[in-house]
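Structure record follows, encoded as structure tokens.
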Amino acid sequence: MLVTVDTGGTKTLVAGFGRDGRIGKTIKFPTPHKQEEYVAFLRRTLQEMYGRERVEAVVVALPGIIDNGVAVWCNNLGWKNFDAQKALTGALGNVPVFIENDANLAGLAETHVLRPMPVSSIYVTVSTGIGTGVITNGKIDPGLRKSEGGRMLVEYDGVVREWESFASGKAIYAAYGKFAKDITSKRTWHQIADRISRGFLAVIPLVQPDTIIIGGSIGTYFERYGDQLEAILREKLPPHIPCPTLRQAKHPEMAVVYGCYYYAVDIVTRK
């Protein structure tokens, strides 16, 4: 069995998988915002759910920059230099624990379901903030695994600023006074497409992905702005830079735990 944990800013989802990819028991709970409470609750949950199972690996997803099992920075939770791997190792005896960025893992899952699988893809979650994961040849790109696309400095409304400061779900609510689900105006969605395009116009010439997958709360409403977003990119990208295929995430709520599963399978098969 492979155990996966999706740690979000508000909720944490724990799920077990068989080697064949079939999902088993799951549990969801509010994410404790104090590190010690999170560790204690998660260790107890893992022991209660899987203490008697034959587990090969535990993969934990965290939002933010991960360096060798340490959450250097988790903005949504206010955690810095949190050695999550050390804190959680031993929760299931000698079962190894691996820590990875949530957007990287979601990108892994969403890329693996595409046929044919693209050589290069970027997963972008547009929610409270903006997170990015770059997948190359079906694996998290090692040179870009710490990338924080939402923090790219791009121009909007005459000011150079962080992409997520004006294009995230939080920024969209601040600008229009509505959640994405309540926005019906085509004009507003065209403006949102323009906001989102600014980051893509910066990253596409650098990475030149085959596919961009959009998830998160704003990704849920892709059909409301996707065509306009593509039109902006085709108009403004240099003629020798191809516009990637834009796709909506297929499983935005479960993408991270499935990414944990693919990550775990790769680890255990390399043993």
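Which shape class, rounded, prolate or oblate, goes with the stretch 12-126 when its Cα gyration tensor gives a ≥ b ≥ c as root eigenvalues, a/c under 1.5 marks rounded, and past that a/b bigger than b/c marks prolate?
Cα axes put the stretch 12-126 in the oblate bin.
Only four residue types carry charge here, +1 at the Cβ of Lys and Arg and -1 at the Cβ of Asp and Glu. Report the dipole size of the chain about the Cα centre in Debye, rounded to the nearest 20.
400
What is the antiparallel percent of DSSP beta bridges lying wholly in the stretch 6-76, to the nearest 5? Could the numbers behind the result be given before it?
Values: 11 of 12 bridges.
About 90 percent, rounded to the nearest 5.
What are the residues whose amide H is under 5 Å from the amide H of residue 24, where those residues sit 5 or more places off or on another chain and H is modelled from the backbone?
It is 16, 17, 18, by chain and number.
Compute the Cα gyration tensor for the stretch 170-271, then decide on rounded, prolate or oblate, letting a ≥ b ≥ c be the square roots of its eigenvalues: rounded whenever a/c is under 1.5, prolate when a/b is larger than b/c in the other cases, and oblate in all that remain.
oblate
Give the residue from 144, 214, 255 lying farthest towards the positive end of the charge dipole for the chain; charges sit on Cβ (+1 for Lys and Arg, -1 for Asp and Glu) and the dipole is referred to the Cα centre.
Ranked along the dipole, the leading option is 255.
Given 28/181; 25/170; 86/250; 28/86; 86/170, which pairs have Cα atoms separated by over 26 Å?
In this structure, 25/170; 86/250; 86/170 exceed 26 Å between Cα atoms.
Which net charge results for the neighbourhood of residue 184, defined as the other residues with beta-carbon distances under 11 angstrom from its beta-carbon, given Lys and Arg at +1 and Asp and Glu at -1?
Overall, the nearby charge balance is +4.
With +1 on each Lys and Arg Cβ and -1 on each Asp and Glu Cβ, and nothing else charged, work out how big the dipole of the stretch 194-271 is about its Cα centre, in Debye to the nearest 20.
220
Please label the shape of the stretch 162-211 as rounded, prolate or oblate, based on the square roots a ≥ b ≥ c of the eigenvalues of the alpha-carbon gyration tensor (a/c under 1.5 means rounded; beyond that, a/b larger than b/c means prolate, else oblate).
The shape class here is prolate.
None of the figures in this text is laboratory data; all of them are computed from the coordinates on show. This structure is a prediction, so every number in the text was calculated from the model and none was measured. Ideal geometry is used to build each Cβ from the backbone, glycine not excepted, and the neighbour counts take in all protein chains shown.
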